[in-house]
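Right, I'll just put the structure down here and ask away after.
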C-alpha cells in the first residue's frame, strides 16, 4: 500500500527544503517513490536535445519530484496547511477530511 494521501489537482504548500513557503498544484503523484510533482516547485534546468526538425533543443525548466513529507495540503475552507484524514460515511463510501477543521476535502 502506498499511503500517499495527496491526489492530482490538490493545492499544497512546501513546508521544508529550498522551496519552503511556495504553493502549487499537484501535477502528478508517484506513490512507489512516495513523491509528488508540484507545478512551479523544485524546478531544475534540463538540457534538451533536438529530436526532429520541428522540435528545437536548448535548456528547459523541468519540475522535479519532491517527497510527500515535504508538502502539506492546503485546507479549502480556511487556506491553512493541514493533515489529511479519512471518514467512512453511512453508505460505506470513504471521503478525505481536513484534520484541523473536520471539513470535507
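Throughout, read-outs are computed from the coordinates displayed, never taken from laboratory work. Everything numeric here is computed off the predicted structure, so don't read it as measured data. As a convention, Cβ positions derive from the backbone with ideal geometry for all residues, glycine included, and neighbour counts pool all protein chains shown.
By count of other Cβ within 10 Å, fewest leading, how are 52, 77 ordered? Could you put the intermediate results ahead of the total?
On the way: 52 6, 77 14.
Listed from fewest to most nearby Cβ atoms, that is 52, 77.
Any chance you could list P(r) for region 3-105, counting all Cα-Cα pairs in 10 angstrom bins from zero, rounded to whole %?
Result returned by the calculation: 15, 37, 27, 13, 7, 1.
In whole Å, what is the distance between the alpha-carbon centres of region 51-72 and region 32-46?
8 Å
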